[in-house]
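Student: Dropping a structure here in structure tokens format, bear with me for questions.
The values are calculated or read from the model by the stated rules, or taken from the named source; none is laboratory data. Everything numeric here is computed off the predicted structure, so don't read it as measured data. Reconstructed Cβ throughout: ideal geometry from the backbone, glycine too, with neighbour counts over all protein chains shown. Surface accessibility is based on the protein's heavy atoms, side chains included, excluding ligands, DNA and RNA. Shrake-Rupley method; radii C 1.70, N 1.55, O 1.52, S 1.80 Å.
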Amino acid sequence: EVLKLTTQLGTMSEIQTVSMGKSFQKAGLGMTIGLTAPIVAGTGKGVKAFANYDATIRSTMSAMGQFVDETGNFSGQSQKDYQALSAAAKEWGAESIFSSLEAAQAQEVLASRGMDTNKILSTGPGIMALAAASQIELTEAADAAGSALQQFNGTGLTSAHVADVFAQAAADTA
């Protein structure tokens, strides 16, 4: 009798264990769908955003006449410029209302205006001030200020001064 009762209890425990296992599987599936899938989707968006950002920095480099080597990377001074522009775009994005991608796009506009890395880096803060004060896109501010700086090249005009002039003009017309 005791042996028969022990066998029945063992069988019941196995059934309960299998049932619990299936419950845990269902819970795991729910967690995968509810938690893991959005994380993976978010990662995909992050990868795409980085690809856009990197492509923009590379386009900026190309606009300055700097191209990748046979390995597909920048080397020497070009690598230093790439790193400096990338670091500045990230910093500007972190310290302003603009994203790092928007900052990189503004750098691209400035490079298309003939500016080198040092000029772009020194112009960035004034461009961001202009865009914020004028409530315009960062690339629009880069284009306007870049045009003014290009026209008055060699006169000592700075992007900060351009931003001040534009801001004053906007205030005067408001």
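Student: Quick check on my filter: what residues within the range 110-139 are farther than 18 Å from residue 166 by Cα and buried (at least 16 other Cβ atoms within 10 Å of the Cβ)?
Tutor: Result: 111, 112, 113, 115, 117, 119, 120, 121.
Student: For the range 140-174: of the residues being in contact (Cβ under 8 Å) with a residue 24 or more places away in the chain and surrounded by fewer than 19 Cβ atoms within 10 Å (Cβ to Cβ), which is farthest from residue 107 (Cα to Cα)?
Tutor: Filtering the range 140-174 for residues that are in contact (Cβ under 8 Å) with a residue 24 or more places away in the chain and surrounded by fewer than 19 Cβ atoms within 10 Å (Cβ to Cβ), the one farthest from residue 107 (Cα to Cα) comes out as 170.
Student: Can I ask one more? Any residue in the range 100-112 that is within 12 Å of residue 85 (Cβ to Cβ) sitting within a Cβ distance under 6 Å of a residue that is not in a helix (DSSP H, G or I)? List the pairs, counting only those 6 or more apart or interchain.
Tutor: Listed pairs, sorted by first residue: 111/64.
Student: Kindly evaluate residue 99 against the criterion of being at pLDDT 85 or above, within 16 Å of residue 131 (Cα to Cα), open to solvent by 40 Å² or more (accessible area, probe 1.4 Å) and small (Gly, Ala, Ser). Show your work before the answer.
Tutor: Details: at pLDDT 85 or above: yes; within 16 Å of residue 131 (Cα to Cα): yes; open to solvent by 40 Å² or more (accessible area, probe 1.4 Å): yes; small (Gly, Ala, Ser): yes.
It is true that residue 99 is at pLDDT 85 or above, within 16 Å of residue 131 (Cα to Cα), open to solvent by 40 Å² or more (accessible area, probe 1.4 Å) and small (Gly, Ala, Ser).
Student: Can you pull out every residue in the range 62-82 that is exposed (fewer than 13 other Cβ atoms within 10 Å of the Cβ) and in a helix (DSSP H, G or I)?
Tutor: Within the range 62-82, 76, 77, 80 meet the criteria.
Student: Got a number for residues in the range 148-174 being over 22 Å from residue 114 (Cα atoms) and outside any helix (DSSP H, G or I)?
Tutor: The qualifying residues number 1.
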